[in-house]
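Novice: Supplied in structure tokens, the structure appears directly below.
The values are calculated or read from the model by the stated rules, or taken from the named source; none is laboratory data. Quick caveat, the model's predicted, so the values are computed rather than measured. Every residue, glycine among them, receives a Cβ derived from its backbone with ideal geometry; neighbour counts consider all protein chains shown.
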Amino acid sequence: MHRDHDEAFPERRTYSAADPVRRDGRRRALRIGLGGPVGTGKTATVAALCRALRDELSIAVVTNDIYTREDAEFLLREAVLPAERIAAVETGACPHTAIRDDISANLGAVEDLEETAGPLDLVLVESGGDNLTATFSKGLVDAQIFVIDVAGGDDIPRKGGPGVTTADLLVINKTDLAPYVGSDLEAMARDAKAQRGHLPVAFTSLTTDDGIKPVTDWIRERLTDWSAGPA
Amino acid sequence: MSRAALLVLADGRFPAGGHAHSGGAEPAVAAGRIKDAHSLEDFCRGRLHTAGLVAAALAAATAAGRDPVAVDEAADARTPVLALRITARKLGRQMMRAARATWPSAELDALAAARPQGAHQPVVLGLAARSAGLTPLDAGYAAAYEAVSGPATAAVRLLSLDPFDATAVLARLAPDLDQTATAAAATAARISDEGFDALPAASAPLLDITAQQHATWPVRLFAS
Ligand SMILES: Nc1nc2c(ncn2[C@@H]2O[C@H](COP(=O)(O)OP(=O)(O)O)[C@@H](O)[C@H]2O)c(=O)[nH]1
Ligand SMILES: [Mg+2]
């Protein structure tokens, strides 16, 4: 087996997600992408994750807004993290391009956060609400969460699409609203299972205490796997 | 190396961050200066012969083997507006990441080490062209084309302009692009005799002023 020598090809280090170690040789932060339609609760999920995990982990957040800095400003206003741990990437009206086709601005933002607030354990990258086809490049994140909600119609899991079908975790949020919008949670679970096979699904309600728990549990598992990987 | 590398470098989908920038088109659309294909063409022609010419000459000079750090200083001197210097360096850093992954070279590594926060984008573009085995003229073409293709794509998104009309604008600018790239390569060749003063310093004051204003807009579609 041939192994490339670091000195002979130093230029191959482009610090994308393909590269699990930092410049100093230590394992870099786990990067999790959060995508999904507008208003389903991505920013609320990021905020809840930060509140639940910030005492035990060093966390930073990158937001990709469509045309404002709303998400970054919401997180700052809510003070879920200090300002130097939150970066906003501008996407030229195309968040799916910035998270999938041309990830250079996002990689730069992650690098800057590592530099100013690092070393980090966890970086959350939120995509501006886009559509059901937006997915993150493997060059940017290690795993992705797709967030939908019960209010957007209980047939979304059945419709599928790359986000619903392939995301590492599907979050179905706002279960507290199900009775009011007439969404059938059991049908959603069944359809999600049919689309996703063994990939996990989490039902959440962020208006209830510790409603984020299924997602924090999943992230803890990912972190355990990540730190067990080769350094 | 292969001339076809120029197609890769100049492709609008080359992943170096350009998609998030309008090249001044967003404030021009808001002010009503770009409102249709005709006014888009005027805007692009103006940008090409000012900012575009300077960018093309910087790219050609770097591709010709001039010290990239010195060319970067020349670029800084030719970019009087802070917002545009920040944009040029941000895009330069993104171009550097893409270039090192696509055409790795010791020269790119050296510039990345000398300018960790990014050299001016046309300088990095020129060095990417050099690493790809392309000529100074090729680098001038890539920079000149980018100076007009960015605003044209942005105008399609901002105005819902017919994409065929926008592409026809680019096609009509082809002779101007030839002229700009050729002039850029010619000035780059004069540096050995005349120093960096041979590089053009054409400016478009309205682009400069509106870029600085745009940087303070709270709501906008494009980063610049
Ligand atoms: N009832 C209810 N509202 C929620 C829940 N999660 C988020 N929201 C609200 O839904 C709206 C959109 O949330 P946001 O996180 O901004 O969505 P994003 O566009 O996906 O980032 C906000 O008003 C949230 O307060 C939930 O679990 N239940
Ligand atoms: Mg959001």
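Novice: Within region A:184-193, can one find any residue that is away from ligand 2 (no atom under 16 Å from the Cβ) and within 29 Å of A:THR91 (Cβ to Cβ)?
Specialist: yes
Novice: Taking A:PRO119 as meeting all but one of (1) assigned to a helix (DSSP H, G or I); (2) more than 11 Å from chain B (Cβ to nearest Cβ); (3) within 25 Å of B:ARG97 (Cα to Cα), write down the number of the exception.
Specialist: With respect to (1) assigned to a helix (DSSP H, G or I); (2) more than 11 Å from chain B (Cβ to nearest Cβ); (3) within 25 Å of B:ARG97 (Cα to Cα), A:PRO119 is out only on (1).
Novice: Restricting the search to region A:15-38, which residues are modelled with pLDDT of 90 or more, more than 16 Å from ligand 1 (Cβ to nearest atom) and small (Gly, Ala, Ser)?
Specialist: Of everything in region A:15-38, just one residue is modelled with pLDDT of 90 or more, more than 16 Å from ligand 1 (Cβ to nearest atom) and small (Gly, Ala, Ser), namely A:ALA29.
Novice: Next question, about the same structure. Out of B:GLY92, B:GLY118, B:GLY150, report the one residue that is within 14 Å of chain A (Cβ to nearest Cβ), in a loop (DSSP other than H, G, I, E, B) and buried (at least 22 other Cβ atoms within 10 Å of the Cβ).
Specialist: Going through B:GLY92, B:GLY118, B:GLY150 in turn, the sole match is B:GLY118.
Novice: Let me ask something additional. With the structure loaded, tell me whether B:SER105 is of a type in the set (Ser, Thr, Tyr), modelled with pLDDT of 95 or more and surrounded by fewer than 23 Cβ atoms within 10 Å (Cβ to Cβ) or whether it fails that test.
Specialist: Yes; evaluated as a whole, the condition is true for this residue.
Novice: While we're here: Quick one: would you say A:GLU56 is surrounded by fewer than 22 Cβ atoms within 10 Å (Cβ to Cβ), more than 28 Å from A:ASP217 (Cβ to Cβ), away from ligand 2 (no atom under 14 Å from the Cβ) and not small (Gly, Ala, Ser)?
Specialist: no
Novice: Given the residues B:ALA215, B:ALA184, B:ALA202, B:ALA188, which is the only one that is under 30 Å from B:VAL156 (Cα atoms), surrounded by 14 or more Cβ atoms within 10 Å (Cβ to Cβ), more than 14 Å from chain A (Cβ to nearest Cβ) and under 19 Å from the mean Cα position of the chain (by Cα)?
Specialist: B:ALA184
Novice: What single numbered condition from (1) within 14 Å of chain A (Cβ to nearest Cβ); (2) touching a residue at least 12 places away in the same chain (Cβ under 8 Å) fails to hold for B:PRO136?
Specialist: Among (1) within 14 Å of chain A (Cβ to nearest Cβ); (2) touching a residue at least 12 places away in the same chain (Cβ under 8 Å), the lone unmet condition for B:PRO136 is (1).
Novice: Here's a follow-up. Step by step: first the residues of region A:77-135, then only those that are buried (at least 24 other Cβ atoms within 10 Å of the Cβ) and among the hydroxyl-bearing types (Ser, Thr, Tyr), then the one that is nearest to ligand 1 (Cβ to nearest atom). Which residue is that?
Specialist: A:SER127
Novice: Sticking with this structure for a sec: Considering (1) exposed (fewer than 14 other Cβ atoms within 10 Å of the Cβ); (2) part of a helix (DSSP H, G or I); (3) touching a helix residue (DSSP H, G or I) at 6+ places or on another chain (Cβ under 8 Å), say which one A:VAL215 fails and leave the rest.
Specialist: Only one criterion in (1) exposed (fewer than 14 other Cβ atoms within 10 Å of the Cβ); (2) part of a helix (DSSP H, G or I); (3) touching a helix residue (DSSP H, G or I) at 6+ places or on another chain (Cβ under 8 Å) is unmet by A:VAL215, namely (1).
Novice: Take the residues in region B:24-58 that are within 14 Å of another protein chain (Cβ to nearest Cβ) and either touching an Asp or Glu at 6+ places or on another chain (Cβ under 8 Å) or among the aliphatic types (A, V, I, L, M) (or both), then tell me which one is nearest to B:ASP208 (Cα to Cα).
Specialist: B:ALA25
Novice: Return the total of residues in region A:52-76 being touching a helix residue (DSSP H, G or I) at 6+ places or on another chain (Cβ under 7 Å) and within 16 Å of ligand 1 (Cβ to nearest atom).
Specialist: The qualifying residues number 11.
Novice: Evaluate the following for B:LEU125: is it more than 9 Å from chain A (Cβ to nearest Cβ), under 18 Å from B:ALA147 (Cα atoms), modelled with pLDDT of 95 or more and touching a helix residue (DSSP H, G or I) at 6+ places or on another chain (Cβ under 7 Å)?
Specialist: yes
Novice: Among the residues of region A:122-130, is any modelled with pLDDT of 95 or more and either more than 14 Å from ligand 2 (Cβ to nearest atom) or within 14 Å of another protein chain (Cβ to nearest Cβ) (or both)?
Specialist: Yes; the residues of region A:122-130 include at least one that is modelled with pLDDT of 95 or more and either more than 14 Å from ligand 2 (Cβ to nearest atom) or within 14 Å of another protein chain (Cβ to nearest Cβ) (or both).
Novice: Quick check on my filter: what residues within region A:174-209 are under 22 Å from A:ILE32 (Cβ atoms), in contact with a Phe, Trp or Tyr (Cβ under 8 Å, 6 or more places away or on another chain) and within 16 Å of ligand 1 (Cβ to nearest atom)?
Specialist: A:THR175, A:ALA202, listed by residue number.
Novice: When the residues of region A:171-183 are narrowed to those that are β-branched (Val, Ile, Thr) and crowded, with 19+ Cβ neighbours inside 10 Å, which ends up farthest from ligand 2 (Cβ to nearest atom)?
Specialist: Ranking the qualifying residues of region A:171-183, first place goes to A:THR175.
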